């Protein structure tokens, strides 16, 4: 349901929330290395997030990306909408061009409640909320350095 671009962008946002500040900016290559994502692709996503004021950035030798207090109040949905657009959750799970309650695909009634619930949670969860949950639940955004 989410594109790889949105997944990378969300992980990058969470990484920035945990590791950056206005005084500690992080470059795209460093983020990509830590998250084990393609560097040029992630750099493009970070620029897109910055141009839409979802994250903050500065240019120059001491520049990089970071999250301001305002950025931390963005919702998970803001990231998905910026990267993929809002249409992702409106698309048919099986790829039919006109799938809805009146003209459902075979799995519409199974998938529709799931998509609605997920959309509601994405629209109601800020980056700060997710970081707090990550800390209390001990969840990960990268497996780098783990002996798995």
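Of note:
- Only Cα pairs under 8 Å and 6+ residues apart enter the sum, and on that basis the relative contact order of the chain stands at 29 percent.
- Principal-axis tilt of helix 127-137 within the chain, Cα atoms, nearest 10 degrees: 90
- With the convex hull constructed from alpha-carbon coordinates only, region 48-88 shows a mean projected area of 3.0 nm² over all directions.
- Contour excess over end-to-end distance, with Cα ends at residue 136 and residue 118 and 0.36 nm allotted per residue: 4.4 nm
- With contributions of -39500 (n - 2.57) from each DSSP H run of at least four residues, the per-residue ellipticity at 222 nm computed over the chain stands at -15500 deg cm²/dmol.
- The slack between residue 129 and residue 29, meaning 0.36 nm per residue of separation minus the straight C-alpha distance, is 33.4 nm.
- Sorted by Cβ neighbour density within 10 Å, fewest at the top, the residues 47, 11: 47, 11
- Relative intensity, log₁₀ I(q)/I(0), of region 42-148 from a Debye sum that treats every alpha carbon as a point, q = 0.11, 0.12 Å⁻¹: -0.51, -0.60
- Label-zone membership for region 66-98, site residue 107, 7 angstrom Cα→C-beta point, backbone N under 17 Å: 88-98
Quick note: the coordinates plus some simple rules give every number you see, no bench work behind them. Everything numeric in this text was worked out from a predicted model, so none of it was measured. Cβ atoms come from the backbone with ideal geometry, glycine included; neighbour counts cover every protein chain shown.
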